[in-house]
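The values are calculated or read from the model by the stated rules, or taken from the named source; none is laboratory data. Quantities reported herein were computed from a predicted structural model and do not represent experimental measurements. Cβ sites come from the backbone with ideal geometry, for glycine too, and all protein chains shown count toward neighbours. The accessibility values were calculated without ligands, DNA or RNA, using every heavy atom of the protein model including side chains. Shrake-Rupley method; radii C 1.70, N 1.55, O 1.52, S 1.80 Å.
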Amino acid sequence: MTVDSSAASQPRRSAAGKAGTTGSKTGTKRTTRTTTKKSTEPELVQLLTPEGKRVKNAEYDAYVAGITPEELRGLYRDMVLSRRFDAEATALQRQGELGLWASLLGQEAAQIGSGRATREDDYVFPTYREHGVAWCRGVDPTNLLGMFRGVNHGGWDPNSNNFHLYTIVIGSQTLHATGYAMGVAKDGADSAVIAYFGDGASSQGDVAESFTFAAVYNAPVVFFCQNNQWAISEPTERQTRVPLYQRAQGFGFPGVRVDGNDVLACLAVTKWALERARSGEGPTLVEAFTYRMGAHTTSDDPTKYRADEEREAWEAKDPILRLRRYLEASNHADEGFFAELEAESEALGKRVRESVRAMPDPDDFAMFEHVYADGHALVDEERAQFAAYQASFADVEGA
């Protein structure tokens with residue numbers, strides 16, 4: 001993907017401001033459109049280069065200044081195990097064990113960095129791809145798979161981890177997050193809310209509406225957009241004429257673009273945004289500029305709409321390899337650490353496989369429960385019809 005070089009020259013963090021206008025002969029202002037040369041390297045917050053070299057940043061270094069070698073190894077472990085879990089889930093779907101799977105491949109740094117920036121009392125609203133964030137919030141990976149296997153509607157209690165159930169409807173979780181954040185503010189709590197969504201969801205009306213409410217009510221919410229550059233087969237430039245983070249300007253709150261393959265930068269920027277929210281400064285839009293290295297879901301074939309050269313270029317910016325290079329160059333990890341992690345990764349894969357295949361089928365009639373608080377005649381009728389349908393199979397087998 002490419003973005004306008006004029007957009008790349010904008011400040012990394014943009015507060016609400018005035019758009020450029022020109023006056024017509026009648027005195028009416030109109031927005032000008034400038035055609036500029038494309039650039040493949042948009043300006044963004046970066047603390048680790050793809051080669052694993054630490055770079056300084058006056059605004060955000062303070063948010064990772066105290067990070068220890070142990071914590072760095074922890075971030076690496078989080079990304080490696082999240083990727084292994086994701087790969088195992090993809091394989092299970094290919095084997096017919098799951099109905100569908102949405103991979104996070106390539107987005108580990110955005111998810112682990114932002115997830116580790118949250119506090120225990122913060123509340124997280126995910127979409128359906130935030131497997132790394134779920135890991136950070138302490139959700140058992142196997143619980144994520146129940147919904148994709150069709151045996152439950154989520155698999156965990158949202159309030160036990162302050163991590164909401166996965167949301168399939170594109171963009172609607174931003175409204176839920178904003179409403180929850182407004183409630184947090186009214187309660188006088190100093191916690192924050194973070195809502196995850198993708199570049200495709202940024203075009204949904206629900207997201208725009210949530211931006212409006214969050215701004216007007218100064219809600220303590222961070223909107224974290226993982227811009228993986230492809231809304232299924234639709235590239236970002238088909239959805240916006242400006243970088244996504246600049247959309248925040250029109251709603252009156254700050255936006256910042258961060259290197260989504262840099263776990264340290266994602267950690268630092270999200271910490272900053274969450275601290276703003278907790279201190280009463282209102283919402284922030286964080287655009288994590290990353291890349292979906294795999295398919296949108298296992299029902300998608302990305303080779304039909306994007307070039308192999310593009311994927312290969314982004315594989316060179318792999319978030320896990322980037323941090324490993326830094327750990328090795330800084331002598332923060334040795335071969336023993338990587339070997340132990342590989343063994344842990346294998347054990348996780350085995351546990352996931354065995355757990356999924358051992359999941360019991362749901363009660364056939366569970367779908368009729370809790371449809372209405374006090375029951376309903378139509379639901380009772382449908383339950384009876386379904387019972388008769390199920391019984392017909394037994395009659396055939398017994399004949």
Legend entry - Residue selected from the range 216-252 under the condition among the β-branched types (Val, Ile, Thr) and under 18 Å from the mean Cα position of the chain (by Cα), by the criterion most open to solvent (accessible area, probe 1.4 Å): 232
Inset, instruction - Would you be able to say whether some residue in the range 315-335 is over 19 Å from residue 75 (Cβ atoms) and surrounded by fewer than 17 Cβ atoms within 10 Å (Cβ to Cβ)? - result: yes
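Look through the range 280-314, keep the residues that are among the charged types (D, E, K, R) and open to solvent by less than 20 Å² (accessible area, probe 1.4 Å), and return whichever of them is farthest from residue 267 (Cα to Cα). Step through it out loud before you land on a result.
Start the filter on the range 280-314 by keeping residues that are among the charged types (D, E, K, R), which leaves 281, 287, 292, 300-301, 304, 306, 308-312.
Then keep just the ones that are open to solvent by less than 20 Å² (accessible area, probe 1.4 Å); that gives 287, 292.
Working: 287: 13, 292: 19 Å.
That would be 292.
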Inset, instruction - Inspect all residues belonging to the range 252-259 and state whether any of them is over 24 Å from residue 46 (Cβ atoms) and either touching a Phe, Trp or Tyr at 6+ places or on another chain (Cβ under 8 Å) or not β-branched (Val, Ile, Thr) (or both). - result: yes
Inset, instruction - Count, please, the residues in the range 275-304 that happen to be among the acidic types (Asp, Glu) and either at pLDDT below 95 or assigned to a loop (DSSP other than H, G, I, E, B) (or both). - result: 3
Legend entry - Residue count, the range 138-160 (criterion: touching a helix residue (DSSP H, G or I) at 6+ places or on another chain (Cβ under 8 Å) and open to solvent by less than 50 Å² (accessible area, probe 1.4 Å)): 9
Inset, instruction - Starting from the range 46-65, take each residue that is open to solvent by 60 Å² or more (accessible area, probe 1.4 Å) and list its partners that are of a type outside the set (Phe, Trp, Tyr) and part of a loop (DSSP other than H, G, I, E, B), counting only C-beta distances under 9 angstrom and pairs at least six apart or across chains. - result: 54/47; 54/330; 56/47; 59/12
Inset, instruction - Filter the helices (runs of 4 or more DSSP H) completely within the range 39-147 down to those with at least 2 residues that are in contact with a Leu (Cβ under 7 Å, 6 or more places away or on another chain), farther than 30 Å from residue 182 by Cβ and aromatic (Phe, Trp, Tyr). - result: 69-94
Inset, instruction - Residue by residue through the range 210-247, note down the ones that are farther than 17 Å from residue 127 by Cβ and in a helix (DSSP H, G or I). - result: 212, 213, 214, 215, 216, 237, 238, 245, 246, 247
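Are any of the residues in the range 193-206 within 20 Å of residue 270 (Cα to Cα), open to solvent by less than 40 Å² (accessible area, probe 1.4 Å), assigned to a helix (DSSP H, G or I) and of a type outside the set (Ser, Thr, Tyr)?
There is at least one residue in the range 193-206 that is within 20 Å of residue 270 (Cα to Cα), open to solvent by less than 40 Å² (accessible area, probe 1.4 Å), assigned to a helix (DSSP H, G or I) and of a type outside the set (Ser, Thr, Tyr).
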Inset, instruction - Please go through the range 150-174 and pick out each residue that is more than 19 Å from residue 297 (Cβ to Cβ) and outside any loop (DSSP other than H, G, I, E, B). - result: 158, 159, 160, 161, 163, 174
Legend entry - Residues located in the range 168-190, provided they are touching a Phe, Trp or Tyr at 6+ places or on another chain (Cβ under 7 Å) and open to solvent by less than 20 Å² (accessible area, probe 1.4 Å): 171, 173, 174, 177, 178
